[in-house]
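The values are calculated or read from the model by the stated rules, or taken from the named source; none is laboratory data. Computed from a predicted structure; not experimentally measured. Using ideal geometry, Cβ is built from the backbone for each residue, glycine included, and neighbour counts are taken over all protein chains shown.
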Protein chains: 2
Amino acid sequence: MGKKQSEFAYIKNLIDKLPRTGKDVIVGAGDDAGVIKLSEDQYLLATTDALVEGVHFKSTLFRPEEVGRKAVAVNVSDIAAMGGKPTYCMVSLVLPKILDEAYGIKLYDGIIEECKRYNIQIIGGNISSGQELVVDIFMLGKTTQDQMILRSGAKAGNKVLVTGFLGEAAAGLQLLLNPKFNIDNLISKQLTPTPRLKEALVIAKSRLATSMIDISDGLGQDIGHICDSSGVGVKIYEERLPIGSGVEEVAGMMDKDPWELALSGGEDYELCFTVPEKYVEKITSVIKEQIGTQVSVVGEILPKEAGRILVLKNGEIIPLPNSGWDHLEN
Amino acid sequence: MGKKQSEFAYIKNLIDKLPRTGKDVIVGAGDDAGVIKLSEDQYLLATTDALVEGVHFKSTLFRPEEVGRKAVAVNVSDIAAMGGKPTYCMVSLVLPKILDEAYGIKLYDGIIEECKRYNIQIIGGNISSGQELVVDIFMLGKTTQDQMILRSGAKAGNKVLVTGFLGEAAAGLQLLLNPKFNIDNLISKQLTPTPRLKEALVIAKSRLATSMIDISDGLGQDIGHICDSSGVGVKIYEERLPIGSGVEEVAGMMDKDPWELALSGGEDYELCFTVPEKYVEKITSVIKEQIGTQVSVVGEILPKEAGRILVLKNGEIIPLPNSGWDHLEN
């Protein structure tokens with residue numbers, strides 16, 4: 001979440017150093033989750049994401065229950081983006097001594113509540129003391145060979161789709177940081193995002209998507225990961241971005257264009273996926289009918305050499321922004 | 001590692017709040033690892049343990065490679081203590097910005113090196129920035145129904161056995177903190193402990209042990225966990241404690257009895273296990289023959305009402321020390 005390009009380069013260097021994995025490891029480091037083949041049709045998913053106080057949240061803005069819920073939700077989002085169902089998790093906490101015991105218990109209440117919501121069983125964990133609060137979740141999930149969706153399958157000509165609305169969580173954070181305004185739905189998108197698990201499972205079962213990722217760092221950066229893994233380029237249209245209601249207002253307050261929040265704001269936990277053109281209508285209507293969630297076509301996959309571009313409303317073409325901004329530093 | 005009684009009470013409160021797990025979860029929170037039944041004879045183990053700078057190590061005393069190696073080793077030790085083999089892991093780092101990139105890469109080198117040693121595949125991870133260094137490892141492993149060893153099977157009359165020597169890691173830490181002396185084998189036990197994986201697998205295959213735990217917090221505290229889970233008491237004999245060579249010297253330097261380091265020092269990563277009396281000779285000689293590791297009988301399991309006691313060399317009986325001391329605060 002909220003990583004900068006230099007961090008990605010650093011992580012890529014680390015991943016490149018890792019020893020080659022065996023045949024049982026279908027996907028190693030570098031996708032939303034690792035994938036292990038347990039048997040012909042049983043694939044184990046494993047992912048980890050941490051919330052660090054002062055980096056991913058301020059404890060003055062989040063209640064402890066919300067920190068717990070969000071820590072689970074961001075991991076569910078990663079499992080969902082693989083076409084999987086979350087199953088088990090472990091919780092590793094670093095709890096500063098200055099927080100009272102009640103804080104940790106409320107945090108855990110949020111973790112338990114969110115796990116119940118997705119039928120995830122907590123099978124263990126660890127607590128250490130430390131100077132700053134870290135909520136680190138390890139999430140396991142399951143999928144099948146047929147339903148697994150990687151970042152690497154996008155083909156030139158595929159359409160790029162996103163669920164729901166963009167920019168809301170980033171706008172919500174701005175409202176929390178500048179409490180002159182209050183737009184409830186934006187603030188709750190920031191505090192307690194809902195991972196798109198149901199939508200992901202419908203997409204996985206349809207077997208129509210060629211690639212998928214969850215939008216944690218901003219669409220601009222996350223579609224970039226699909227481009228990296230699939231060896232393709234992409235064109236996104238500003239006018240097609242499903243910008244959440246109220247986002248425009250907040251963008252104005254920040255003296256930014258709404259598309260900046262929509263593309264770079266991050267933490268939307270919407271799904272971005274690619275689909276051959278002929279299946280776009282089918283997948284869009286299936287999701288709408290079964291769940292009620294809007295899906296928007298925001299662009300299309302290009303050959304790699306065409307690069308990654310954004311077509312503004314005025315027809316101007318600019319490079320697709322590829323960095324989320326660091327929310328708590330700006 | 002190095003937890004105090006108040007922390008255990010706190011963790012127990014949290015565990016008690018967890019929703020009941022399903023039938024597929026053979027062991028949930030509260031053992032060395034969680035156990036999930038994947039199929040009739042395929043049990044998945046999952047554990048997590050973190051090293052926090054300033055709590056579990058000082059970066060002035062540990063090279064980054066050693067931090068990485070130890071972070072893996074302590075998790076391997078947990079999997080081993082279940083009678084399992086480690087298979088896959090994920091690495092979640094919180095890296096302070098003040099550490100240069102090279103530090104993180106060396107840390108990762110240590111993680112990779114230790115994983116290779118045990119044939120563990122790294123399948124993913126996460127990196128966050130933060131104020132203090134946290135190396136959090138999530139380790140998966142496998143075992144079978146027959147070979148799994150829990151904390152809960154100890155019976156009154158069983159003998160209590162430990163592999164190797166006790167107190168060495170704690171003595172090594174004292175030498176690192178007070179660099180007037182240097183005893184290499186003690187220091188390396190602190191910096192790069194070797195989990196007793198081979199020994200654990202021999203014990204698991206023998207199917208003779210009724211319970212097992214790895215000694216991370218000190219024998220006094222860790223045998224206490226077996227007593228809690230098994231509903232039994234225990235008697236440990238000072239004269240039978242396999243106190244490592246050089247430990248006596250360091251204990252003298254600290255104005256402590258050697259048994260204090262052996263029972264409360266922690267971080268030995270030796271195995272403590274219980275065995276019916278008639279199998280003690282067999283299991284001891286099998287381990288000695290196959291691996292060369294010494295095993296000592298240090299006491300016996302009592303009925304619960306007999307409590308947890310230590311018999312000193314002079315015949316005096318005292319309560320078994322049940323707290324590791326906080327290494328970096330004493």
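Scoring B:Ser129 on the criteria (1) surrounded by fewer than 21 Cβ atoms within 10 Å (Cβ to Cβ); (2) at pLDDT 95 or above; (3) over 15 Å from B:Glu270 (Cβ atoms) leaves a single failure, condition (2).
For segment A:33-61, the set of residues classified as crowded, with 21+ Cβ neighbours inside 10 Å and β-branched (Val, Ile, Thr) consists of A:Val35, A:Ile36, A:Thr47, A:Thr48, A:Val52, A:Val55, listed by residue number. Entry remark, segment A:30-50: residues being closer than 22 Å to A:Ala170 by Cβ and more than 8 Å from every other protein chain (Cβ to nearest Cβ) number 1 in total. State yes or no: is B:Ile105 of a type in the set (A, V, I, L, M, F, W, C), in contact with a helix residue (DSSP H, G or I) (Cβ under 9 Å, 6 or more places away or on another chain), at pLDDT below 95 and not assigned by TED's automatic domain parsing to the domain that holds B:Leu175? Spelling it out, B:Ile105 is indeed of a type in the set (A, V, I, L, M, F, W, C), in contact with a helix residue (DSSP H, G or I) (Cβ under 9 Å, 6 or more places away or on another chain), at pLDDT below 95 and not assigned by TED's automatic domain parsing to the domain that holds B:Leu175. Among the residues making up segment A:187-211, those that are farther than 19 Å from A:Gly68 by Cα and part of a helix (DSSP H, G or I) are A:Lys198, A:Glu199, A:Ala200, A:Leu201, A:Val202, A:Ile203, A:Ala204, A:Lys205, A:Ser206. Of the residues screened, A:Ile291 is not one that is modelled with pLDDT of 95 or more, under 21 Å from A:Glu239 (Cβ atoms) and surrounded by 13 or more Cβ atoms within 10 Å (Cβ to Cβ).
A:Arg151 meets each of the listed conditions (1) outside any helix (DSSP H, G or I); (2) within 14 Å of chain B (Cβ to nearest Cβ); (3) surrounded by fewer than 22 Cβ atoms within 10 Å (Cβ to Cβ); (4) of a type in the set (D, E, K, R) apart from (3). Could you tell me whether any residue of segment B:270-288 is within 17 Å of the chain's Cα centre (by Cα), part of a loop (DSSP other than H, G, I, E, B) and either acidic (Asp, Glu) or not assigned by TED's automatic domain parsing to the domain that holds B:Leu310 (or both)? Checked segment B:270-288: at least one residue is within 17 Å of the chain's Cα centre (by Cα), part of a loop (DSSP other than H, G, I, E, B) and either acidic (Asp, Glu) or not assigned by TED's automatic domain parsing to the domain that holds B:Leu310 (or both). Filtered by the rule that a residue be within 16 Å of the chain's Cα centre (by Cα) and either closer than 15 Å to A:Thr284 by Cβ or not assigned by TED's automatic domain parsing to the domain that holds A:Gln290 (or both), segment A:204-213 gives a lone residue, A:Met212.
Counting only strands (runs of 3 or more DSSP E) that fall entirely inside segment B:54-144 and contain at least 1 residues that are within 13 Å of another protein chain (Cβ to nearest Cβ) and among the acidic types (Asp, Glu), the qualifying elements are B:134-143. A residue that is in a helix (DSSP H, G or I), modelled with pLDDT under 90 and away from every other protein chain (no Cβ under 12 Å) occurs somewhere in segment A:3-15.
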